[in-house]
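Taking it in order: structure first as structure tokens, then the write-up.
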Amino acid sequence: MQYKTRKERLVWLDIMITLLTLELMSYFYYGIRSVFLAGVCVVTGFAAELVSLRLMKRKFTADDLTCTSDALILALMFPAVMDYHISVIAVLFAIVVAKNLFGGRLNMIFSPAAAAYVFVLTSWERQLLQYTEPHIKTGIFETPSNLVKSASYVFDHTGTFDHSDFEVLLGNFSGPAGAVSILLLAVAAVVLMMRRSISAGAFLGTICGTGLFAVVTPMVSSRSDSLKYSLVTNMVLFSAIYIVSDLRIAPKRDYYAFFYGLFIGVISYVLVLTGAKENAIVIVSVLFTPIALGFKHLEKKIDTAAQEHAAETAAEEAAETAAGEEAASHE
């Protein structure tokens, strides 16, 4: 139990380090407004978690610090100039409703950040999907101006992406504050998989599902461009790492986790292809909660059957040993 507790805290630490790296890049592009927004979300998440646990008569422990990573994930999914009051409401929804209302971190059925994002999308879609261009920095309490649609929106609706590969790697295009830094996200994915802090099966399944359909049914005339831009737009890479591959949500076995991620990748790509639904992967990850629960239920059945088989085998071996010893004593 002590090892499992320590491992959970190490996973949180690994996730936070990569998120803070993305936040640093967001500060480079959007200035102090992005950092202040992240701070508001993290503080709100911590306070909401503390109050929720008090109301449930539970003690706050280091393991409950995952509320801060959930809040920071949500902040990085927002525009850098997102309204503060909407951000606070979103974080409260993530921690209180999506997480603790269902029993807390040990009984989570979907990503709190993803659920809160969908909630905001249904209530404040215009504010959620309007962004500033990179290098246009807004003051902490300044009203943002010259807002634009994301590069993902433009690609989904027109099939064009007017940015060089170098700009794509560095995240120099309009979109969510932390979900456009492709090079940092790729490094984070590799590090987190090597550290076993995310589900490698779910991550690879999501990338394979999206990539396969991007090649088979391309959004543009060039299959290579379809593959490339389908992976770097619509928060696919960010969501594959921090939402779909969340160890608290994804099936434990990589085999089942791969198909879980594959389904999400395929369905989200189809929604983008047929309906130009921006950031569809976040919505699909919430809707596919029953799939994850079904895989986990199957895993429990397999584990129970294996334990029962092992117990029966051990009992048979013990009986055979006892019979052999008894026969030897008679001789």
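Per-structure values
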| quantity | calculated |
| --- | --- |
| Which numbered condition V191 fails, given (1) open to solvent by less than 10 Å² (accessible area, probe 1.4 Å); (2) touching a Ser or Thr at 6+ places or on another chain (Cβ under 8 Å); (3) part of a helix (DSSP H, G or I) | (1) |
| In segment 50-71, residue most open to solvent (accessible area, probe 1.4 Å) [restricted to those that are touching a residue at least 12 places away in the same chain (Cβ under 8 Å) and of a type in the set (D, E, K, R)] | R58 |
| Single unsatisfied condition, L74 versus (1) under 20 Å from the mean Cα position of the chain (by Cα); (2) hydrophobic (A, V, I, L, M, F, W, C); (3) within 30 Å of I136 (Cβ to Cβ); (4) surrounded by fewer than 17 Cβ atoms within 10 Å (Cβ to Cβ) | (4) |
| Members of segment 157-183 found to be part of a helix (DSSP H, G or I), open to solvent by 40 Å² or more (accessible area, probe 1.4 Å) and not charged (D, E, K, R), listed by number | H157, T158, F166, L169, L170, L183 |
| Filtered residues of segment 116-134 (kept if among the small types (G, A, S) and open to solvent by 10 Å² or more (accessible area, probe 1.4 Å)) | S123 |
| Residue tally, condition out of contact with any helix residue (DSSP H, G or I) (no Cβ under 8 Å at 6 or more places or on another chain) and buried (at least 24 other Cβ atoms within 10 Å of the Cβ), over segment 34-49 | 0 |
| Filtered residue count, segment 138-155, keeping only those that are farther than 18 Å from R126 by Cβ, in a loop (DSSP other than H, G, I, E, B) and either at pLDDT 95 or above or open to solvent by less than 70 Å² (accessible area, probe 1.4 Å) (or both) | 2 |
| Counted residues, segment 215-241 - those being touching a Ser or Thr at 6+ places or on another chain (Cβ under 6 Å), over 12 Å from G265 (Cα atoms) and polar (S, T, N, Q) | 1 |
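The values are calculated or read from the model by the stated rules, or taken from the named source; none is laboratory data. The structure displayed is predicted, hence computed values, not measured ones. Neighbour counts are summed over all protein chains in view; Cβ atoms, including those assigned to glycine, are modelled from backbone coordinates with ideal geometry. Just the protein is used for accessible areas: all its heavy atoms, side chains included, with ligands, DNA and RNA removed. Shrake-Rupley method; radii C 1.70, N 1.55, O 1.52, S 1.80 Å.
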